[in-house]
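Each remark here refers to the structure printed beneath this line.
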């Protein structure tokens, strides 16, 4: 039986400015996700873990920790963007226009904004994308720009 390789991600040459990738996996956020992440990151804001406190706010219930929203949305994009990354270089212009709650499902898509060859690493290029995370109602819950260094095709296999 022939063995066929699975998806190996994009290399620098595969990115084109203006391309939009709809990342394939959604993620429903549970109460345990939110509480564990909040505890692990030592975030003491009660809006994330104290239901009685949250009931008295404008939201009326616990909010998902915004750092968790950023982490999951970034993770959703890895399969399309940084499977072959050398490193993340930065997140910029992070915006949270709508809240995310327990039970919401988050999806993500990214648009390639720019790309250039790396000046310090000939085996890689620099790509900047704008990623949007949205819930099951298509409301944007997070958006950000992310810049990363990604291997060129000729060097990507050497790491594996």
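Structure above, values below:
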{"item": "Hey, residue 60 closer than 30 Å to residue 118 by Cβ, free of Cβ contacts under 8 Å to residues at least 60 places away in the same chain and surrounded by fewer than 14 Cβ atoms within 10 Å (Cβ to Cβ) or not", "result": "no"}
{"item": "Selection within the range 43-70 - assigned to a helix (DSSP H, G or I) and under 24 Å from residue 144 (Cβ atoms)", "result": "47, 48, 66, 67, 68, 69, 70"}
{"item": "Residue satisfying condition, being modelled with pLDDT under 95 and closer than 28 Å to residue 149 by Cβ, within set 9, 26, 18", "result": "9"}
{"item": "Number of the condition not met by residue 141 [criteria: (1) buried (at least 16 other Cβ atoms within 10 Å of the Cβ); (2) modelled with pLDDT under 95]", "result": "(2)"}
{"item": "Residue list for the range 108-128, restricted to those being part of a loop (DSSP other than H, G, I, E, B) and either on the phi > 0 side of the Ramachandran plot or touching a helix residue (DSSP H, G or I) at 6+ places or on another chain (Cβ under 7 Å) (or both)", "result": "123"}
{"item": "Number of the exception - residue 1 against (1) modelled with pLDDT of 95 or more; (2) assigned to a loop (DSSP other than H, G, I, E, B)", "result": "(1)"}
{"item": "Contacts under 6 angstrom Cβ, first residue in the range 1-17 being touching a residue at least 60 places away in the same chain (Cβ under 8 Å) and at positive phi, partner in a loop (DSSP other than H, G, I, E, B) and surrounded by 10 or more Cβ atoms within 10 Å (Cβ to Cβ), 6 or more apart", "result": "9/83; 9/84"}
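The values are calculated or read from the model by the stated rules, or taken from the named source; none is laboratory data. Bear in mind that the values here come from a model prediction, so they are computed numbers and not experimental data. Glycine gets a Cβ as well: all are built from the backbone with ideal geometry, and neighbour counts include every protein chain shown.
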